[in-house]
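Undergrad: Okay, handing you the structure first.
The values are calculated or read from the model by the stated rules, or taken from the named source; none is laboratory data. Just so it is clear, the model here is predicted, and its values are computed rather than measured. Reconstructed Cβ throughout: ideal geometry from the backbone, glycine too, with neighbour counts over all protein chains shown. All accessible areas refer to the heavy atoms of the entire protein, side chains included, with ligands and DNA or RNA removed. Shrake-Rupley method; radii C 1.70, N 1.55, O 1.52, S 1.80 Å.
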Amino acid sequence: MTGNPDFKLLAEAVRDDIIAFRRELHENPELPGQEIRTSRRIAEELEKLGIPYVVDEKRNVIGKLVGAHPGKKIAIRADFDALPVQEETGLPYASRTPGVSHACGHDGHAASLLGIAKILVGLRQELCGTVYLCFQMGEEICEGALEILRYLKEEGGVDMVIAAH
């Protein structure tokens with residue numbers, strides 16, 4: 001970054017959108033290897049933001065946000081698959097898919113990464129370097145990661161990866 005943005009203020013500005021997206025994913029969980037709708041929705045959101053992306057053969061979605069200034073290459077990774085667990089929370093946005101839920105929080109991971117994308121798009125003119133937004137399918141069955149790594153290697157590698165689970 002070339003300046004000192006107020007990230008708390010920027011996060012508050014996208015808070016409602018991210019909560020809505022997380023709840024949408026929560027209502028519509030998909031098991032590992034079956035994340036067709038989720039992958040499509042993430043791609044749609046990146047497209048709305050004007051972030052170029054690829055969807056690989058496994059349905060990982062990888063956005064590429066190039067800053068206005070040269071700098072390091074960073075990958076941020078989040079997963080988006082669900083588990084074969086019946087949700088019994090009674091929440092208004094509970095899973096609509098019998099026997100499948102986001103019991104591990106991957107809906108929150110994906111929504112958080114989308115929030116990062118929304119914030120960084122607004123800071124593109126101040127951004128130094130490139131940020132790869134890596135949305136991974138199939139994490140619960142150890143799938144998706146190798147395809148993301150292959151893509152990043154083809155892009156010349158990255159200087160750092162940030163991920164959480």
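Undergrad: Please determine, by comparing only the residues of segment 1-55 that are of a type in the set (Val, Ile, Thr) and surrounded by 15 or more Cβ atoms within 10 Å (Cβ to Cβ), which one is nearest to Asp81 (Cα to Cα).
TA: Thr38
Undergrad: Does segment 35-55 include one or more residues that are out of contact with any strand residue (DSSP E or B) (no Cβ under 9 Å at 6 or more places or on another chain), of a type in the set (Val, Ile, Thr) and modelled with pLDDT of 95 or more?
TA: yes
Undergrad: Given the criteria touching a residue at least 60 places away in the same chain (Cβ under 8 Å) and under 13 Å from the mean Cα position of the chain (by Cα), does Ala94 qualify? Talk me through it step by step, then tell me what you get.
TA: Numbers: touching a residue at least 60 places away in the same chain (Cβ under 8 Å): yes; under 13 Å from the mean Cα position of the chain (by Cα): no.
Spelling it out, it is not the case that Ala94 is touching a residue at least 60 places away in the same chain (Cβ under 8 Å) and under 13 Å from the mean Cα position of the chain (by Cα).
Undergrad: Also, I was wondering about something else. Just give me the residues in segment 118-150 being in contact with a strand residue (DSSP E or B) (Cβ under 6 Å, 6 or more places away or on another chain) and either over 25 Å from Ser101 (Cβ atoms) or part of a strand (DSSP E or B) (or both), in sequence order.
TA: Passing the criteria: Leu120, Cys128, Gly129, Thr130, Val131, Tyr132, Leu133, Cys134, Phe135, Gln136.
Undergrad: If the Cβ limit is 8 Å and pairs must be 6+ apart or interchain, which residue in segment 55-69 that is at positive phi pairs with which residue that is open to solvent by 70 Å² or more (accessible area, probe 1.4 Å)?
TA: Close Cβ pairs satisfying both conditions: Arg59/Ile36.
Undergrad: Of all residues being under 21 Å from Asp107 (Cβ atoms) and among the charged types (D, E, K, R) in segment 57-89, which is surrounded by the fewest Cβ atoms within 10 Å (Cβ to Cβ)? Just the residue, please.
TA: Here is the first cut: in segment 57-89, the residues under 21 Å from Asp107 (Cβ atoms) are 58-63, 75-89.
Applying the additional criterion that residues be among the charged types (D, E, K, R) yields 58-59, 77, 79, 81, 87-88.
Numbers: Lys58: 17, Arg59: 25, Arg77: 24, Asp79: 27, Asp81: 27, Glu87: 21, Glu88: 9.
This residue is Glu88.
Undergrad: If I filter segment 28-74 down to residues being of a type outside the set (A, V, I, L, M) and part of a strand (DSSP E or B), which single residue comes out as nearest to the chain's Cα centre (by Cα)?
TA: So, considering only residues that are of a type outside the set (A, V, I, L, M) and part of a strand (DSSP E or B), the one nearest to the chain's Cα centre (by Cα) is Gly63.
Undergrad: Of all residues in segment 1-27, which are among the hydrophobic types (A, V, I, L, M, F, W, C) and either assigned to a loop (DSSP other than H, G, I, E, B) or out of contact with any Asp or Glu (no Cβ under 8 Å at 6 or more places or on another chain) (or both)?
TA: Passing the criteria: Met1, Phe7, Leu9, Leu10, Ala11, Ala13, Val14, Ile18, Ile19, Ala20.
Undergrad: Please tell me if Gly144 is closer than 17 Å to Glu35 by Cα, among the small types (Gly, Ala, Ser), at pLDDT 95 or above and open to solvent by less than 60 Å² (accessible area, probe 1.4 Å).
TA: Criteria met by Gly144.
Undergrad: Follow-up question, since we're still on this one. Is it true that some residue in segment 108-118 is open to solvent by 30 Å² or more (accessible area, probe 1.4 Å) and within 15 Å of Ser39 (Cβ to Cβ)? Break it down stepwise before answering.
TA: Let us first name the residues in segment 108-118 that are open to solvent by 30 Å² or more (accessible area, probe 1.4 Å), namely 109, 112, 116, 118.
Pick out the ones that are also within 15 Å of Ser39 (Cβ to Cβ) and you get 109.
There is at least one residue in segment 108-118 that is open to solvent by 30 Å² or more (accessible area, probe 1.4 Å) and within 15 Å of Ser39 (Cβ to Cβ).
Undergrad: Now for a different question. For segment 149-158, state whether one or more residues are open to solvent by 20 Å² or more (accessible area, probe 1.4 Å) and either basic (Lys, Arg) or in contact with a Cys (Cβ under 8 Å, 6 or more places away or on another chain) (or both).
TA: yes
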